[in-house]
C-alpha cells in the first residue's frame with residue numbers, strides 16, 4: 001500500500017470536510033466526532049461535488065438533489081442516490097505534525113446514473 005500525505009490534522013476541525021485531488025481522483029475527507037473518513041467527492045446520482053453539500057450527523061447530503069450517503073461506509077441512504085460511494089483508507093500518523101494520509105485508487109471506477117429527459121425526482125426519502 002502506498003500512503004499519500006494529504007495534509008495535517010490541524011487543517012480540518014471536527015465537523016469539517018475538504019476536497020483533495022490525488023492522482024486524478026477527487027476525494028472528500030471528513031473529520032467527524034468518530035474519526036477521519038474519506039469517500040469519492042462526486043455524487044453517484046449526478047456529477048455534483050459532495051464537499052459543496054452539508055454534513056448531517058454521519059451523512060453527507062448532496063447539494064444538487066438532496067440525496068445522502070453514510071460517510072463511514074459510502075452507502076446511499078436517501079433518494080435519489082442508490083449507488084454507494086467509493087471509500088478510501090485514511091490514517092493519522094502520530095508524528096510531530098500529525099499528518100493525514102490516504103491510499104488513492106488511481107484506477108477506480110465510480111458508476112453514475114444519468115437523468116433521462118422528462119424524469120422527475122422524488123422528494124427526499126430514506127432508503128430502508
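Values in this text are rule-based calculations from the coordinates and carry no lab data. Remember, it's a predicted structure, so these values are computed and weren't measured experimentally. All Cβ positions, glycine included, derive from the backbone under ideal geometry; neighbour counts span all protein chains shown.
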Can you name the residue in segment 1-35 that is within 18 Å of residue 68 (Cα to Cα) and in contact (Cβ under 8 Å) with a residue 60 or more places away in the chain and, of all such residues, is surrounded by the fewest Cβ atoms within 10 Å (Cβ to Cβ)?
29
Residues of segment 55-84 being in contact with a helix residue (DSSP H, G or I) (Cβ under 8 Å, 6 or more places away or on another chain) and buried (at least 18 other Cβ atoms within 10 Å of the Cβ), which ones?
60, 62, 69
Filtered residue count, segment 52-98, keeping only those that are touching a residue at least 12 places away in the same chain (Cβ under 8 Å), over 23 Å from residue 10 (Cβ atoms), within 14 Å of the chain's Cα centre (by Cα) and not in a strand (DSSP E or B)
10
